[in-house]
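Asker: Pasting a structure here, questions to come.
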Amino acid sequence: MKAFGGRRKRLNSFQIIIFGFAAVIILGALVLMLPISSRERQITPFLDSLFTSTSAVCVTGLVLHDTASYWSRFGQGVIILLIQIGGMGVITVAVSLAIISGKKISLMQRSTMQEAIAAPKVGGIVRLTGFIIKSAFLLEFLGAVLMAPVFCRDYGIRGLWMAVFHSISAFCNAGFDLLGAGGQPFSSLTGYASNPVINLTVMFLIVTGGIGFLTWDDIRTKRFRLHQYRMQSKVILSATFLFLTIPALYFFFFEFDSLPVMKRILASMFQSVTPRTAGFNTMDLNAMSDAGKCIMIVMMLVGGAPGSTAGGMKVTTVAVLFATAIATFCRKEHPHFFGRRLGDDVVKNAATVLLMYITMFWTGALMISISEGLPMLTCLFETASAVGTVGLTLGITPQLGAFSQIILILLMFLGRVGGLTLVFAAVSGTRRNVSMLPQEKITVG
């Protein structure tokens, strides 16, 4: 394609990321339509396949059909492959295949990889890609080994496949499960609410996948020398600790107080971890209070860390906004973390991301509520789960009409590729206006 001036127009890094995700989603949907993908050997409607493929690639977990009872073993294999690609990132997988085949990685490919994993610089990106692939497979293998004895005890040899599937789904923060066949569909991990092995392993995989590969690179290279970590890694670890601890305490004292102590501890911890865009649940979410559901909505919107398998606004976005508010209260000119000042562009990006996510999840919920006649809180929970790429639901997803399904598909896609990625892709090639208009004050607050 050529511009009017005869110059060939090249896609920038942000456009490549968007088109890459879209291409994998469409291809996955076409494969899932095939009769071999369903257990009944029937053709799955395109919208149903598109919804499932989008949910898998965007590592969300919202489903129209129970994964275990509707999809065949081939279909489940396609879904877990889409989850793996979406979790590690389409660009990461593509670059990894190029490295394995011995191809030289161009500067453009390195730049695209940098944007895809939120790396601070292009230098060392190939080494970092290798570390990401090795770490992901190692952690998924470890998770499968830990869960295999439990699943094999309950399901025989099929337990091996279930252990692998749930390990990948948990590490990629996807939330797809295979526990609905022969039992209650869409049951997630409720049957293992008291099992410490399954609970702790899944929580470990969710958190490790959600803190980001750059954070793990710091942990690997600097180990316990915390003062040498990147500022971003320090912020991610601190914010993650707070976002896991505070909700867990609330759930323990106010939501699950009728349970035995051990089950109560596991349930509180698990429901605090899973809104970090994982989508598994061990408790009946409909039985929670409205306050508990609202807390989960906030947690789903926040999500995990940049450059991770998790979605959402990211904990760094919320941390920057809190730091900005504290700086304003203290009448300081700039927000800061760990002795480092934040630039104005970071604050602007954080405020923009917050506004975009709130607008998307609120508008989507309003449209679904009007079209389906459902309570607004229920719809807000659903759209927060979609745009945060979480997968938790209050049970309304399979009953939604085509219009509402399309809204959720768009929210899942937008939530996975990121709001700023779309903005930067759209304004590519636009000349930056360096002129400045006259300044005038406006009162806020």
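Asker: Tell me, yes or no, whether segment 166-173 has at least one residue that is within 18 Å of Gly77 (Cα to Cα), in a loop (DSSP other than H, G, I, E, B) and under 16 Å from the mean Cα position of the chain (by Cα). Don't jump to the end; show me each part of the working.
Answerer: Looking only at segment 166-173, we keep the residues that are within 18 Å of Gly77 (Cα to Cα), and these are 166-173.
From the residues that got through so far, the ones that are in a loop (DSSP other than H, G, I, E, B) too are 172-173.
With the extra rule that they be under 16 Å from the mean Cα position of the chain (by Cα), the set shrinks to 172-173.
Scanning segment 166-173, I find at least one residue that is within 18 Å of Gly77 (Cα to Cα), in a loop (DSSP other than H, G, I, E, B) and under 16 Å from the mean Cα position of the chain (by Cα), so the answer is yes.
Asker: State whether one or more residues within segment 234-247 are part of a loop (DSSP other than H, G, I, E, B) and of a type in the set (Gly, Ala, Ser). Outline the logic, then answer.
Answerer: At the first step, the residues of segment 234-247 found to be part of a loop (DSSP other than H, G, I, E, B) are none.
No, because not a single residue in segment 234-247 is part of a loop (DSSP other than H, G, I, E, B) and of a type in the set (Gly, Ala, Ser).
Conditions (1) under 25 Å from Met299 (Cα atoms); (2) out of contact with any Ser or Thr (no Cβ under 7 Å at 6 or more places or on another chain); (3) open to solvent by less than 20 Å² (accessible area, probe 1.4 Å); (4) at pLDDT below 90, marked per residue:
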{"site": "Val126", "(1), (2), (3), (4)": "no, yes, no, yes"}
{"site": "Ile133", "(1), (2), (3), (4)": "no, no, no, yes"}
{"site": "Glu140", "(1), (2), (3), (4)": "yes, no, yes, no"}
{"site": "Gly143", "(1), (2), (3), (4)": "yes, no, yes, no"}
{"site": "Trp161", "(1), (2), (3), (4)": "no, yes, no, no"}
{"site": "Val164", "(1), (2), (3), (4)": "no, yes, no, no"}
{"site": "Thr190", "(1), (2), (3), (4)": "yes, no, no, yes"}
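Asker: For segment 353-377, which positions are open to solvent by less than 60 Å² (accessible area, probe 1.4 Å), hydroxyl-bearing (Ser, Thr, Tyr) and either touching a strand residue (DSSP E or B) at 6+ places or on another chain (Cβ under 7 Å) or modelled with pLDDT under 95 (or both)?
Answerer: Tyr357
Asker: Next question, about the same structure. Residue by residue through segment 11-44, note down the ones that are at pLDDT below 90 and out of contact with any helix residue (DSSP H, G or I) (no Cβ under 8 Å at 6 or more places or on another chain).
Answerer: Phe19, the sole residue that qualifies.
Asker: Arg220 is checked against (1) modelled with pLDDT under 95; (2) open to solvent by less than 50 Å² (accessible area, probe 1.4 Å); (3) not aromatic (Phe, Trp, Tyr) and fails just one. What number does that condition carry?
Answerer: With (1) modelled with pLDDT under 95; (2) open to solvent by less than 50 Å² (accessible area, probe 1.4 Å); (3) not aromatic (Phe, Trp, Tyr) applied to Arg220, the lone miss is (2).
Asker: While we're looking at this one, here's another question. Taking only segment 270-292 into account, find how many residues are touching a residue at least 40 places away in the same chain (Cβ under 8 Å), more than 19 Å from the chain's Cα centre (by Cα) and open to solvent by 10 Å² or more (accessible area, probe 1.4 Å).
Answerer: Looking only at that region, the number is 4.
Asker: Sort through Leu107, Leu81 and tell me the only one that's modelled with pLDDT of 65 or more and either open to solvent by less than 60 Å² (accessible area, probe 1.4 Å) or aliphatic (A, V, I, L, M) (or both). Even if it seems obvious, please write down each step before you answer.
Answerer: On the way: Leu107 fails: modelled with pLDDT of 65 or more.
After applying the criteria, what remains is Leu81.
Asker: Go through segment 323-344 residue by residue and tally those that are open to solvent by 40 Å² or more (accessible area, probe 1.4 Å) and over 21 Å from Gln228 (Cα atoms).
Answerer: Here is the first cut: in segment 323-344, the residues open to solvent by 40 Å² or more (accessible area, probe 1.4 Å) are 326, 328-334, 336, 338-341, 344.
So of that shortlist, the ones also over 21 Å from Gln228 (Cα atoms) come out as 326, 328-334, 344.
Number satisfying all stated conditions: 9.
Asker: Quick check on my filter: what residues within segment 45-71 are open to solvent by less than 30 Å² (accessible area, probe 1.4 Å), at pLDDT below 95 and outside any helix (DSSP H, G or I)?
Answerer: Within segment 45-71, Cys58, Val59, Thr60, Gly61, Leu62, Val63, Leu64, Asp66 qualify.
Asker: Of everything in segment 260-294, what is in a loop (DSSP other than H, G, I, E, B) and of a type in the set (Phe, Trp, Tyr)? Give them in sequence order.
Answerer: Taking segment 260-294 as the starting set, the residues that turn out to be in a loop (DSSP other than H, G, I, E, B) are 260, 274-284, 288-289.
Listed by number, the list holds a single entry, Phe280.
Asker: So how many residues does segment 295-328 have that are among the hydroxyl-bearing types (Ser, Thr, Tyr) and outside any loop (DSSP other than H, G, I, E, B)? Quick ask: steps written out before the conclusion?
Answerer: Quick first cut of segment 295-328, residues among the hydroxyl-bearing types (Ser, Thr, Tyr) only: 308-309, 316-317, 324, 328.
Then keep just the ones that are outside any loop (DSSP other than H, G, I, E, B); that gives 316-317, 324, 328.
Selection size over segment 295-328: 4.
Asker: Moving to a separate point now. From Gly191, Gly212, grab the single residue that is touching a residue at least 40 places away in the same chain (Cβ under 8 Å) and closer than 23 Å to Phe165 by Cα.
Answerer: On the way: Gly191 fails: touching a residue at least 40 places away in the same chain (Cβ under 8 Å).
Step by step, each of Gly191, Gly212 is checked, and only Gly212 is touching a residue at least 40 places away in the same chain (Cβ under 8 Å) and closer than 23 Å to Phe165 by Cα.
The values are calculated or read from the model by the stated rules, or taken from the named source; none is laboratory data. Remember, it's a predicted structure, so these values are computed and weren't measured experimentally. Here the Cβ is made from the backbone with ideal geometry for all residues, glycine too, and neighbour counts use every protein chain on show. Calculation scope for accessible area: heavy atoms of the full protein, side chains included, ligands and nucleic acids excluded. Shrake-Rupley method; radii C 1.70, N 1.55, O 1.52, S 1.80 Å.
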